[in-house]
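The values are calculated or read from the model by the stated rules, or taken from the named source; none is laboratory data. No experiment lies behind these values; they were computed from the predicted model shown. Positions of Cβ are backbone-derived with ideal geometry, glycine not excepted, and every protein chain shown enters the neighbour counts.
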Amino acid sequence: MISDRLDRCLPDRLVRNILKSIEEEMGLYSLHLMLHQAGLERFVSAARSGDMRASECTSLLKGIRDYYGRGARGSLIRIGSRWFELLVRDCSLVQKIKVGTVRLLPVEMRRLRILDFLARQLCGGDGRIAIHTLDHDIIFVDQTSQFTFGLEACEPVCWMTQGMIQRALAGGGESEPDIEEISCQAMGGDACKFHIRF
């Protein structure tokens, strides 16, 4: 586990979209149950506004993993996919135009641009996410990983990020990429790394 990581504060906009994505996947009752178990009762109200710390987000996602057990992976991938859609919907007009025109670019450039958009949304002003190319593959490196803060696990657990990457790369007539988390901070890695194969 990395000891010098900051317990980042997730902006209100990201928090609202996370909670909306969880509600759409699990239902309102289950969302409220998860929030109570994570000690996040302040988000139960209809407004759901306010900042959430990375440690609180990790606690919420751990509750979902505990609730679903072996089925948590699919649920969190779907939550991540929906979260990406909400991020695009809520971004600025300039960003929406950039995302919309990405489909006009050549395939490899399109992939990098949309992943760059996702990285900027996730890391905000104080996070660190990098995208590297490896022949025709891409390595998505998330050193910030607000979904694993203070968490210890024996397997990679960043399924929500995987869902976001899948949704970002969907469309354009391409087949779905194979995404494998090859390093996870919850397992003691220096970053959460995703190998994306096309």
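Quick notes on this one:
- The residues of the stretch 139-167 that are closer than 18 Å to Ser81 by Cβ and of a type in the set (Val, Ile, Thr), listed by number, are Val157, Thr161, Ile165.
- Of the criteria (1) modelled with pLDDT under 90; (2) surrounded by fewer than 20 Cβ atoms within 10 Å (Cβ to Cβ), which one Phe117 fails: (1)
- Residue selected from the stretch 133-156 under the condition of a type in the set (Val, Ile, Thr) and at pLDDT 95 or above, by the criterion surrounded by the most Cβ atoms within 10 Å (Cβ to Cβ): Ile138
Yes/no per residue for (1) buried (at least 19 other Cβ atoms within 10 Å of the Cβ); (2) farther than 24 Å from Arg197 by Cα:
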position	(1), (2)
Leu31	yes, yes
Gln37	no, yes
Arg53	no, yes
Glu56	yes, yes
Val107	no, no
Leu122	yes, no
Arg128	no, no
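- Residues in the stretch 139-198 that are of a type in the set (S, T, N, Q), within 17 Å of Lys62 (Cα to Cα) and in a loop (DSSP other than H, G, I, E, B): Ser145, Gln146, Thr148.
- Residues located in the stretch 68-99, provided they are in contact (Cβ under 8 Å) with a residue 24 or more places away in the chain and not in a helix (DSSP H, G or I): Cys91
- Of all the criteria given as (1) more than 17 Å from the chain's Cα centre (by Cα); (2) surrounded by fewer than 18 Cβ atoms within 10 Å (Cβ to Cβ); (3) modelled with pLDDT of 90 or more, the one not satisfied by Gly189 is (2).
- Scanning the stretch 162-186 for residues that are among the hydroxyl-bearing types (Ser, Thr, Tyr) and at pLDDT 95 or above yields a single hit, Ser183.
- Filtered residues of the stretch 38-59 (kept if in a helix (DSSP H, G or I) and either touching a Gly at 6+ places or on another chain (Cβ under 9 Å) or under 19 Å from Cys123 (Cα atoms) (or both)): Arg42, Phe43, Ala54, Ser55, Glu56, Cys57, Thr58, Ser59
- Test result for Asp12, touching a helix residue (DSSP H, G or I) at 6+ places or on another chain (Cβ under 9 Å) and surrounded by fewer than 18 Cβ atoms within 10 Å (Cβ to Cβ): no
- Breaking point among (1) of a type in the set (Ser, Thr, Tyr); (2) over 18 Å from the mean Cα position of the chain (by Cα); (3) crowded, with 16+ Cβ neighbours inside 10 Å, for Ser45: (3)
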